[in-house]
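Everything on this sheet refers to the single structure shown next.
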Amino acid sequence: MRRSHLYLALSSLFFVSPVLATSDFNLPFVNTSGLGVAYADWATAASDASTAYTNPAGLVKLAHQQIVGNALGIIGTARFTGTATTPTFPFPFPVVESGVARSQIRAFLPSFYYSAPLTQRVAFGFNVTTPFGLGTNYGSTRSSIARYATTRAQVVGIDVGPSLGVKITDRFSVGAGFDALHLAFTLNNMYGPPVSFPFDSRLENHLSGWGYGWHGGALFDFSPETRIGFSYYSRISLTTTGHSTVNAPAIGPSVAIFRTDQQETKAALPARAELSLQHDFTTRWTGMATVFYTNWRTFNQIRMENTQTPMGVTLPVTIPFNYHNCFDYAVGATYKATEKILFRGGIQFMSTPSNDRDRGIADPVGSATILAIGTHYQQDANLGYDVGIGHSFFNPMSVNLITPLTALKGHTHTQTTAIGGQITWSFA
């Protein structure tokens with residue numbers, strides 16, 4: 001086979017790259033207090049130190065030092081139903097497989113926040129946040145019709161940085177923070193015919209790297225009952241490096257292993273913004289709403305350098321995404337049952353940036369409706385607890401992926417549940 005055909009075949013394997021496997025999660029799950037209202041209070045909550053990440057302008061509303069520890073997990077399943085044709089051109093004839101490929105979805109998103117008033121008008125915040133994290137595993141056995149597209153995909157993004165909030169007037173405050181984001185991901189799949197023939201070869205990619213950006217916000221109180229908040233997160237460019245390894249069958253029971261430690265990928269997390277409105281209807285009922293915007297159009301493609309092949313040579317791979325910009329919407333409410341107990345509820349409408357031509361199954365998340373509930377218990381002036389749960393009802397997403405090596409035609413069904421717990425300690 002000519003080198004040009006090999007390059008096309010390799011490129012096709014990565015059309016479903018999960019380098020940003022949570023890309024369709026336009027709404028990061030960063031705390032449990034916000035989960036209960038589906039993050040409808042993203043830029044206006046300012047109720048605990050997690051505002052250092054969601055809107056640092058809210059730091060000035062926290063009268064005492066505060067520490068927040070949060071643990072949030074996502075569980076669910078992804079299912080592709082359809083047909084796989086490998087390869088899409090005669091070699092010597094294509095193999096057509098139909099059926100269902102299933103994967104468990106798991107992610108653990110811990111976070112830590114700290115806030116402290118420095119003066120009457122300036123406050124400090126610090127966050128260690130896991131705003132992105134997801135994993136799928138369709139398996140690498142011959143029974144999986146998805147093995148040439150993806151076997152295992154896992155991504156974790158950790159954001160670390162300080163922030164400051166400044167009170168400009170009694171009604172208006174602003175804030176800004178620095179973001180150092182560490183992204184680590186695993187991307188595995190099988191090579192099939194004609195790149196690996198007559199037996200499959202296993203490709204494993206493990207990369208990580210740092211990117212830097214900033215976030216900021218503003219908060220304005222129209223009255224004691226009504227406030228509006230705005231937050232913005234800059235685009236973060238990332239360069240990840242790591243190793244690419246192929247386990248290829250050799251003569252007899254032996255296995256040929258080809259590995260390079262020079263793999264490199266350049267990518268970026270797009271800029272995004274949130275606009276929130278919050279109003280106290282009574283002393284017990286509060287309503288809130290948020291519009292989320294993500295500039296996904298800047299995320300057209302990425303290029304993976306030095307990807308290993310079963311022939312022992314490395315080649316660059318270009319990965320097209322061709323995302324479009326997205327608006328998401330959330331509304332929620334809280335009810336203060338007693339001085340110590342608060343109930344929450346919310347709904348969020350999430351769109352997807354992917355298109356029907358480039359969509360794969362390593363990132364099975366799409367447009368969805370998220371229903372969430374939660375509660376807060378204030379034990380005393382120092383200690384408070386939050387619990388929350390949100391279930392995502394995803395719409396079936398069509399898959400019509402045609403590449404020189406394999407073709408997938410069908411649809412995905414995905415369901416996920418986020419469960420979180422949070423402890424807040426105030427040095428009152």
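When we screen GLY312, GLY366, GLY346 for residues that are among the small types (Gly, Ala, Ser) and on the phi > 0 side of the Ramachandran plot, the only hit is GLY312. Under the condition of being assigned to a strand (DSSP E or B) and crowded, with 16+ Cβ neighbours inside 10 Å, the residues counted in the stretch 401-410 number 4.
Just checking, does the stretch 382-390 include any residue being part of a loop (DSSP other than H, G, I, E, B) and either under 20 Å from PHE132 (Cβ atoms) or modelled with pLDDT of 90 or more (or both)?
Scanning the stretch 382-390 turns up at least one residue that is part of a loop (DSSP other than H, G, I, E, B) and either under 20 Å from PHE132 (Cβ atoms) or modelled with pLDDT of 90 or more (or both).
Go through the stretch 41-60 and give me each residue that's closer than 13 Å to PHE124 by Cα and among the aromatic types (Phe, Trp, Tyr).
Taking the stretch 41-60 and keeping what is closer than 13 Å to PHE124 by Cα, we get 48-53, 55-60.
Of everything in the stretch 41-60, just one residue is closer than 13 Å to PHE124 by Cα and among the aromatic types (Phe, Trp, Tyr), namely TYR53.
Applying the criterion of being among the polar types (S, T, N, Q) and touching a residue at least 40 places away in the same chain (Cβ under 8 Å) to the residues of the stretch 280-300, the residue that is farthest from SER354 (Cα to Cα) is THR283. Inspection of the stretch 78-101 identifies at least one residue that is at pLDDT 90 or above, more than 20 Å from the chain's Cα centre (by Cα) and either closer than 30 Å to ALA57 by Cα or open to solvent by 50 Å² or more (accessible area, probe 1.4 Å) (or both). Residue count for the stretch 159-189 satisfying the condition of being closer than 20 Å to SER143 by Cα and surrounded by fewer than 24 Cβ atoms within 10 Å (Cβ to Cβ): 1. Note on the stretch 288-300: among residues that are over 30 Å from THR226 (Cα atoms) and out of contact with any Cys (no Cβ under 9 Å at 6 or more places or on another chain), the one that is surrounded by the fewest Cβ atoms within 10 Å (Cβ to Cβ) is ASN300.
Flag set for ARG303, criterion: open to solvent by 40 Å² or more (accessible area, probe 1.4 Å), under 21 Å from ASP358 (Cα atoms) and touching a residue at least 24 places away in the same chain (Cβ under 8 Å). Note on the stretch 212-237: among residues that are at pLDDT below 95 and part of a strand (DSSP E or B), the one that is surrounded by the most Cβ atoms within 10 Å (Cβ to Cβ) is ILE236. Of the strands (runs of 3 or more DSSP E) lying entirely inside the stretch 272-365, those containing at least 2 residues that are among the acidic types (Asp, Glu) and more than 30 Å from LEU203 (Cα to Cα) are 272-280.
The values are calculated or read from the model by the stated rules, or taken from the named source; none is laboratory data. Values in this document were obtained by computation on a predicted structure and should not be read as measured data. Please note: Cβ atoms are built from the backbone with ideal geometry, for glycine as well, and neighbour counts cover all protein chains shown. With ligands, DNA and RNA removed, areas are computed over all heavy atoms of the protein, side chains included. Shrake-Rupley method; radii C 1.70, N 1.55, O 1.52, S 1.80 Å.
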